[in-house]
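Single-structure report; data block below.
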Amino acid sequence: MVLALTKGASVQDGEYLVSAENWVLEDADGVIWDFTEVGKGTLTTNNHLNDYDFIWAIKDGKLLIETDWLYDLNNEYEYALDQGAGVLTLTDNGETHVFKRVSE
């Protein structure tokens, strides 16, 4: 899957995601996403006992994530990024996931 960032706000949002040390899922400290560079990252669901690579893009107001898990996972989320509060909110099929920015 080849994904590209669109111009404008998406690029700014992408750069902001990368600028954080990582993003921790609210109420689940072991779930950590790290946007390592534009288009690439790693995630863990168990506080780094296992890390998985993913590729990502922002396109048409959605955050697209392809994870190299036990099998390939393709997720598409509606996203809202509050840069002032350091909060990334993802919505998929009526479920909402809130990540908090961790700074260095």
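Within segment 90-101, the only residue that satisfies the criterion of being more than 19 Å from W56 (Cα to Cα) and in a strand (DSSP E or B) is E95. In segment 45-89, counting only strands (runs of 3 or more DSSP E) that sit wholly within it, the ones holding 3 or more residues that are charged (D, E, K, R) and open to solvent by 40 Å² or more (accessible area, probe 1.4 Å) span 72-82. Criterion applied to D68, D60, D53 was being at pLDDT below 95 and in contact with an Asp or Glu (Cβ under 6 Å, 6 or more places away or on another chain), and the one residue passing it is D68. Scan segment 17-35 for residues that are more than 11 Å from the chain's Cα centre (by Cα), in contact (Cβ under 8 Å) with a residue 60 or more places away in the chain and part of a helix (DSSP H, G or I) and the total you get is 0.
The values are calculated or read from the model by the stated rules, or taken from the named source; none is laboratory data. A quick note: this is a predicted structure, and the numbers were derived from the prediction, not measured. Reconstructed Cβ throughout: ideal geometry from the backbone, glycine too, with neighbour counts over all protein chains shown. SASA here: full protein model, heavy atoms, side chains in, ligands and nucleic acids out. Shrake-Rupley method; radii C 1.70, N 1.55, O 1.52, S 1.80 Å.
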